[in-house]
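Trainee: Structure incoming, see below.
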Amino acid sequence: ASIINDGDRTAWLNAAVARWAAAADPEVAVLGLDDFLCADGYPEERDGVRLRSDGLHFTEQGAAVVWRWLGPRLIDLADR
């Protein structure tokens, strides 16, 4: 079975991270990258940029798209 776009693996990992965060500290925030990248399926591109080189790992440009989304959220969390 392929690990690429495997909903069961993604759900397991998301649940494990959520359990860890809740046990570590109730103030810990978990940012859902899956919500950002895969809310409408498993896109090959976002904002005209090819996201993944092999279906799993980000291209350099794909990583930049993710950081443009993630960076401001991390700053917001740091400001709390």
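Trainee: Considering only the range 54-66, how many residues are over 17 Å from GLY7 (Cβ atoms), surrounded by 12 or more Cβ atoms within 10 Å (Cβ to Cβ) and not aliphatic (A, V, I, L, M)?
Mentor: 4
Trainee: Scan the range 1-18 for residues that are among the charged types (D, E, K, R) and either open to solvent by 80 Å² or more (accessible area, probe 1.4 Å) or at pLDDT 85 or above (or both) and jot them down. Can you show your working first?
Mentor: If we filter the range 1-18 for residues that are among the charged types (D, E, K, R), which is where we start, we get 6, 8-9.
Once the filter is applied, which keeps residues that are among the charged types (D, E, K, R) and either open to solvent by 80 Å² or more (accessible area, probe 1.4 Å) or at pLDDT 85 or above (or both), the range 1-18 yields ASP8, ARG9.
Trainee: Quick one: GLY32 ticks every box in (1) of a type in the set (Gly, Ala, Ser); (2) surrounded by 12 or more Cβ atoms within 10 Å (Cβ to Cβ); (3) farther than 23 Å from LEU77 by Cβ bar one, so which box is it?
Mentor: Failed condition: (3).
Trainee: Sort out which residues of the range 19-59 are modelled with pLDDT of 85 or more, out of contact with any strand residue (DSSP E or B) (no Cβ under 8 Å at 6 or more places or on another chain), part of a helix (DSSP H, G or I) and within 22 Å of GLY71 (Cβ to Cβ), and write them in order of number.
Mentor: ALA21, LEU33, PHE36, listed by residue number.
Trainee: Check LEU74 against each of (1) aliphatic (A, V, I, L, M); (2) open to solvent by 50 Å² or more (accessible area, probe 1.4 Å); (3) touching a strand residue (DSSP E or B) at 6+ places or on another chain (Cβ under 9 Å) and name the one condition it does not meet.
Mentor: (3)
Trainee: Which pairs turn up if I take residues in the range 34-54 that are under 17 Å from ASP8 (Cα atoms) and look for partners that are outside any loop (DSSP other than H, G, I, E, B) and open to solvent by 60 Å² or more (accessible area, probe 1.4 Å) with beta carbon separation below 8 Å, at least 6 apart in sequence or on another chain?
Mentor: That search, which allows pairs on different chains as well, returns ASP34/ASN14; LEU37/ARG46.
The values are calculated or read from the model by the stated rules, or taken from the named source; none is laboratory data. Given the structure is predicted, the values throughout are model-derived calculations rather than measurements. Here the Cβ is made from the backbone with ideal geometry for all residues, glycine too, and neighbour counts use every protein chain on show. Note: accessible area is taken over every heavy atom of the protein model, side chains too, but ligands, DNA and RNA are not part of it. Shrake-Rupley method; radii C 1.70, N 1.55, O 1.52, S 1.80 Å.
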